[in-house]
Amino acid sequence: MSDINDKLIIIIKDALVKAFNYEDKSNMIMIETPSDISHGDYSTNCAMRLAKILHNAPINIADRLTDEFKKNDLFTKVEVVKPGFINFFIKKDSMTNSLKDILNEKDKYGSSDFGKQEKVMVEYVSANPTGDLHLGHARGAAYGDALTRILKFTGYDVLREYYVNDAGHQIDVLANSLFERYKQILNLPFEEANIGYQGKDVINLAQGIVDKDGNKWVNADIEEREEYFKNVGINLELDKIKKDLALYRVSFDNFTSERSLYKRGLVSNTIECLKKAGYTYTQDGALWLRTTDFKDDKDRVLIKSDGSYTYLVPDIAYHKDKFDRGYTHLINLFGADHHGYIARLKAGIKILGYNPDNLEVEIVQMVRIMEGDKEVKMSKRTGNAITIRELCEDVGVDAARYFFLCKPLDSHFDFDLELARKQSSENPIYYIQYAYARMMSILKKDDSYEIKDYYPLLTKDKEIELIKVLSEFKNELINISKNKDVNSLTNYCYKLSSLFHSYYTEEKVLVEDNIALSKERLALIKACSITLKNALNLLGIEAKEKM
RNA sequence: GGCCCUGUAGCUCAGUUGGAUAGAGCAACAGCCUUCUAAGCUGUGGGUCAGGCGUUCGAGUCGCCUCAGGGUCACCA
């Protein structure tokens, strides 16, 4: 509650009531931190925004509000500028008041109940269990993981979910490949043409079955055998995926299998519901869904003329199930190549009577892998797409995650392996981790800071600036939860680190002959380290105590 | 052709839900270690925010048009 942002908003609302008898209910009041310090510690443009509502010129509104503000002893000065900005200059030791909360809340600092425990399900990665995760998945994986951490921290009840496409054609191909390899290992005749997945991993899987079961499946019941080979294939592929994700520090609460949707009858049930809703028709022997009624470019097939379902049906069923499980807000991370898919999915949701606005789809734009100025398409070692595992081993998990998280999702992104590999100043991840290591090395020497309401000896501009940045942290996280722009958090880390490095070279924290000053500065450094560590934790990046 | 994304310093990109004189890093140049970690700091130069029109007190940000690049348009998953 001692957050300066919140405090200012309350003061402004109060002044609006006193000066204009106006009660602000919409969120018209915004606090900004001017880039130019001569414009005050904080400023607001509310006089301009409220001009129409209050039927008054911005300057007049600002003036009358400022008369109220001047009665408050939080400020050393309040000024009105040009069109109607109000600039607040705050007493320095009042600014230091926010350190207390940081030092008390520690690893909880920055958390809030903003989300009011709304049930949110975030689905990401959801790669088919038919091979290794490659770099196309890495961006969405890092992003989804960081986003869910932030959503939890800001008070949402979050479920992290991975949808396993284990019912489609690709799994048949995997199972068949596995069976052919199985026969091959047993020196039985086999069909090279049926081996859709040429990878070594399939051979290893087949060897595993031979080791365990010998030739028992050669003459087994076909259905039983197919089921078994599918399960083996899926489980082992999924295990690999889970291991790679764990290495990359990405985890999930739940894996939902497409086949389980069929087994639970949700898919056929969805067909019935869609039919009942009256948006289906038969044409050319197929069953169609009239998605064009909901902004799709063309109608979509639900049941093909050969009687099998298209991918769309289980997917609509899956999203219906998400809502039915009690989640009021769904967030999906889709690759850019799936963007055309959103309209038909939302149409299905709408037809089934759910609100498509409660499904928020974030598009993960393309990633190009670069080595300097050359694009790298394939791994040199394996000749296949570069996997997440290779990336982590190559550049390290921290650098990999940082690079994927530091750009907005909707921008095309060139991942420069050379730069990420560099352990030097060119690589921003080390800049941030180095800042943390420097903070810790001071605190290791001396951590005799005190927790108190005000720190009157912290009067340097850089000290006040640092405190300002620290006190923005909670709001920063709330904004990220609202806007889903995780990259702002990497920017925040960079800003805080940069300010700290600058302060570090300018002022000594431990001043030999001034214990009182040292103690206050230590409190500031402690607060910096708490905030930076919390931020890095949310990004899934290690805060190293030593470098 | 329809839809989605992008266009900001030589290069890679930020840009606080429309705010005050558009910012970082790299690269270039000039400085700073007997002092808590120099993977750091300080300073200098560098811009028609692709282009145009509009919306208003105010536009890199919102709307429309043009140009350029990327992606995507299955009875595949």
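Among the residues examined, A:Lys240 qualifies as outside any loop (DSSP other than H, G, I, E, B) and on the phi < 0 side of the Ramachandran plot.
Within region A:63-78, not a single residue is hydroxyl-bearing (Ser, Thr, Tyr) and within 19 Å of A:Glu476 (Cβ to Cβ).
Residue-by-condition table, conditions (1) crowded, with 19+ Cβ neighbours inside 10 Å; (2) among the hydroxyl-bearing types (Ser, Thr, Tyr):
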{"position": "A:Phe89", "(1), (2)": "no, no"}
{"position": "A:Leu99", "(1), (2)": "yes, no"}
{"position": "A:Phe114", "(1), (2)": "no, no"}
{"position": "A:Gln117", "(1), (2)": "no, no"}
{"position": "A:Ser126", "(1), (2)": "yes, yes"}
{"position": "A:Gly140", "(1), (2)": "yes, no"}
{"position": "A:Gly144", "(1), (2)": "yes, no"}
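Counting only residues that are over 34 Å from the mean Cα position of the chain (by Cα) and surrounded by 22 or more Cβ atoms within 10 Å (Cβ to Cβ), which one in region A:181-204 is nearest to RNA strand B (Cβ to nearest atom)? By that ranking, first place goes to A:Arg181.
Among the candidates A:Lys346, A:Lys350, which residue alone is closer than 30 Å to A:Lys275 by Cα, away from RNA strand B (no atom under 13 Å from the Cβ), in contact (Cβ under 8 Å) with a residue 12 or more places away in the chain and among the charged types (D, E, K, R)?
Numbers: A:Lys346 fails: away from RNA strand B (no atom under 13 Å from the Cβ).
Step by step, each of A:Lys346, A:Lys350 is checked, and only A:Lys350 is closer than 30 Å to A:Lys275 by Cα, away from RNA strand B (no atom under 13 Å from the Cβ), in contact (Cβ under 8 Å) with a residue 12 or more places away in the chain and among the charged types (D, E, K, R).
Among A:Ser497, A:Ser481, which is within 9 Å of RNA strand B (Cβ to nearest atom), touching a residue at least 40 places away in the same chain (Cβ under 8 Å), buried (at least 18 other Cβ atoms within 10 Å of the Cβ) and not aromatic (Phe, Trp, Tyr)? Show your work before the answer.
Details: A:Ser481 fails: within 9 Å of RNA strand B (Cβ to nearest atom).
Just one listed residue meets the conditions, A:Ser497.
Of the residues that make up region A:480-500, is at least one acidic (Asp, Glu) and over 26 Å from A:Glu426 (Cα atoms)? Can you show your working first?
To start, the set of residues in region A:480-500 that are acidic (Asp, Glu) comprises A:485.
Then keep just the ones that are over 26 Å from A:Glu426 (Cα atoms); that gives none.
No, there is no match, as no residue in region A:480-500 is acidic (Asp, Glu) and over 26 Å from A:Glu426 (Cα atoms).
One line per residue, one yes/no per condition, for (1) of a type in the set (Phe, Trp, Tyr); (2) over 24 Å from the mean Cα position of the chain (by Cα):
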| position | (1), (2) |
| --- | --- |
| A:Asp416 | no, no |
| A:Tyr436 | yes, no |
| A:Lys444 | no, yes |
| A:Ser448 | no, yes |
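Of A:Tyr436, A:Tyr431, all but one fail to be modelled with pLDDT under 95 and over 16 Å from A:Gly372 (Cα atoms); the exception is A:Tyr431.
The single condition among (1) in contact (Cβ under 8 Å) with a residue 40 or more places away in the chain; (2) in contact with a helix residue (DSSP H, G or I) (Cβ under 7 Å, 6 or more places away or on another chain) that A:Asp113 does not satisfy is (2). Scanning region A:469-478 for residues that are of a type in the set (A, V, I, L, M) and more than 10 Å from RNA strand B (Cβ to nearest atom) returns A:Val469, A:Leu470, A:Leu477.
Answer with yes or no whether A:Tyr228 is more than 13 Å from RNA strand B (Cβ to nearest atom) and touching a strand residue (DSSP E or B) at 6+ places or on another chain (Cβ under 7 Å).
no
For region A:208-258, a residue qualifies if it is touching a helix residue (DSSP H, G or I) at 6+ places or on another chain (Cβ under 7 Å), of a type in the set (Phe, Trp, Tyr) and under 20 Å from A:Phe190 (Cβ atoms), and the qualifying residues are A:Trp217, A:Phe229. The helices (runs of 4 or more DSSP H) found wholly in region A:363-477 and carrying at least 3 residues that are among the basic types (Lys, Arg) occupy A:428-445.
Yes or no: region A:525-546 includes at least one residue that is in contact with a helix residue (DSSP H, G or I) (Cβ under 9 Å, 6 or more places away or on another chain), within 11 Å of RNA strand B (Cβ to nearest atom) and either assigned to a helix (DSSP H, G or I) or over 30 Å from A:Arg249 (Cβ atoms) (or both). Yes, region A:525-546 contains a residue that is in contact with a helix residue (DSSP H, G or I) (Cβ under 9 Å, 6 or more places away or on another chain), within 11 Å of RNA strand B (Cβ to nearest atom) and either assigned to a helix (DSSP H, G or I) or over 30 Å from A:Arg249 (Cβ atoms) (or both). Looking across region A:433-461 at every residue that is surrounded by fewer than 16 Cβ atoms within 10 Å (Cβ to Cβ) and basic (Lys, Arg), the one that is nearest to RNA strand B (Cβ to nearest atom) is identified as A:Lys445.
Scanning region A:41-70 for residues that are within 12 Å of RNA strand B (Cβ to nearest atom), under 27 Å from A:Lys91 (Cβ atoms) and in a loop (DSSP other than H, G, I, E, B) yields A:Asp41, A:Asn45, A:Leu50.
Within region A:290-313, residues that are closer than 23 Å to A:His169 by Cβ have Cβ atoms under 7 Å from residues that are near RNA strand B (Cβ under 6 Å from one of its atoms) and charged (D, E, K, R) in these pairs: A:Ser305/A:Asp284; A:Thr310/A:Lys304, counting only partners at least 6 apart in sequence or on another chain.
Checking A:Ser112, A:Ser38 one by one, the residue that is within 16 Å of RNA strand B (Cβ to nearest atom), at pLDDT below 90 and hydroxyl-bearing (Ser, Thr, Tyr) is A:Ser38 and no other. Return the residue satisfying two criteria in turn: it lies in region A:283-313 and is within 6 Å of RNA strand B (Cβ to nearest atom) and touching a Lys or Arg at 6+ places or on another chain (Cβ under 7 Å), and of such residues it is nearest to A:Pro356 (Cα to Cα). In this case the residue turns out to be A:Thr310.
Just give me the residues in region A:190-219 being in a loop (DSSP other than H, G, I, E, B) and farther than 19 Å from A:Leu236 by Cβ, in sequence order. Break it down stepwise before answering.
Going residue by residue through region A:190-219, those that are in a loop (DSSP other than H, G, I, E, B) are A:190-191, A:195-199, A:214-219.
Within region A:190-219, A:Phe190, A:Glu191, A:Asn215, A:Val218, A:Asn219 qualify.
The values are calculated or read from the model by the stated rules, or taken from the named source; none is laboratory data. It should be emphasised that the depicted structure is a prediction, and the values quoted were computed from it without experimental measurement. For neighbour counting, all protein chains shown are included, and Cβ atoms are generated from backbone atoms with ideal geometry for every residue, glycine included.
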